[in-house]
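Just so it is clear, none of the values below were taken in a lab; they were calculated from the coordinates. All of these numbers come straight from a predicted model, not from anything done at the bench. So basically every Cβ, Gly included, is an ideal-geometry build from the backbone, and we count neighbours across all protein chains shown.
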Amino acid sequence: MKSLLVLFVLVTFPNFLFAQGTLKGRVINAEDQKPLPFANVFLANTTKGTTTSDAGAFTLTQIPAGTQELVVSYVGFQTQTLRIEANNSEQSLEIKLKPNPNQLAEIKIKSKLDKNWNQRYEQFTSLFLGTTENARRTKILNPEAVWINEDSTKTWITVGSREPLLIECPALGYRIKYQLEGFAYHQKQGYLTYIGYPVYEEMTPKRSSDSTTWQKNRAMAYYGSLTHFLRSIHEGKMEEAGFKIQQMVELKSSPLNALLWQSEKLSNPVLTGFERYKVIPEFQPASAIVVARLSTKEQTILSFQGGLQVSYVEKKNRSATGEVNSRRDQISVVELMSQMVKIKPNGQFFPVMDLLVSGAFSHQKVADSLPFDYVPTELP
């Protein structure tokens, strides 16, 4: 399955920028200027979130410095996202949300359950939450908020929600409030896209062993993930982190590729579905896909043609020679939908629509996701 990663996440890893600030504000109706109580206000894909007071006021503290994506949502209104530059000072905002009358009408139409709803809901949860052991333990606490639509040709399934999805992930110790803006799955070609804004809340341990278990499970979810891969590239430690990359070339893209193909020095991709590509057997350094002249400490510019076959070797399975484990579940393919993407120190990338991943990277869905302010620990 190919997943177009379109989670809007724009935060900054605290290991790199330590200054922290405070954000205060007020959320009001853009039409009548009245406050909107209990509106959701949070930094996308972090543990920083709150709801507004009766007066529409909110406060977010200890915001890591750097570029942030502030998300504000309220049922019946258009979700608003604001890119802010956080620093160690206090900032104040007035946020005006526009009513969305079509949303309530759409919700009413699509809220009717048919005989196939349960089957479609199970399909949605497997695609959205994942199919891992963590996913099997993960639950959406308000499934009644979900609407599901299948087009007349039975090609596309689209999903939305009438309110933020409340998701409990006991394996990782998080509760997630997920503002689902869009979800579409092409049932014939296997393309999956979803757009949303999650905010994470730490669960309270019930047993003394819970915190240790969560720490271990989070580390296992992190190592070998797309976030781990992108952070390692920014840090200049890709090989040290256990990743190997091979360039994938397409015959039609250039005469040079055609000559390489004819030389029979190329191999087939490990993953199926990429027959249009051939793989250059030599491993490439990260510098081969990084635009050094445009990269800084704040961001790394990633650019390549064709695709990348990415292999990951777990620390405990690495040999002294750095030999790659050929397990298919540790192989990914990464393709760019544009000329380049920007990688932040925390592994966040943008434009968020421009990275297409398949294989191991696409297997980790919401149930195995981590906030971008997560600091990894060593695996035992």
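What to note about this one:
- Cβ-Cβ FRET estimate between Arg175 and Thr22, R0 fixed at 22 Å, reported to 0.05: 0.40
- Computed FRET value (nearest 0.05) for Asp329 with Gln119, which takes r as the C-beta separation and R₀ as 22 Å: 0.20
- Spatial separation of Cα centroids for segment 114-163 and segment 166-195, in angstrom: 9 Å
- Once the chain from Arg276 to Phe38 is taken as fully extended at 0.36 nm per residue, the excess over their C-alpha distance is 80.6 nm.
- Listed residue pairs exceeding 29 Å between alpha carbons, taken from Lys24/Lys98; Lys48/Lys365; Lys96/Lys206; Lys24/Lys216; Lys344/Lys365; Lys342/Lys365: Lys96/Lys206; Lys24/Lys216
- Two-site FRET efficiency, Ser89 against Asp151, from Cβ-Cβ distance with R₀ of 56 Å, rounded to 0.05: 0.70
- On full extension, the segment bounded by Thr59 and Thr158 gains 32.2 nm, given 0.36 nm per residue less the C-alpha separation.
- Amide H contacts under 5 Å for Ile95: Arg26, Val27, Ile28, restricted to partners 5 or more places along the chain or on a different chain, H placed in the peptide plane at 1.01 Å from N.
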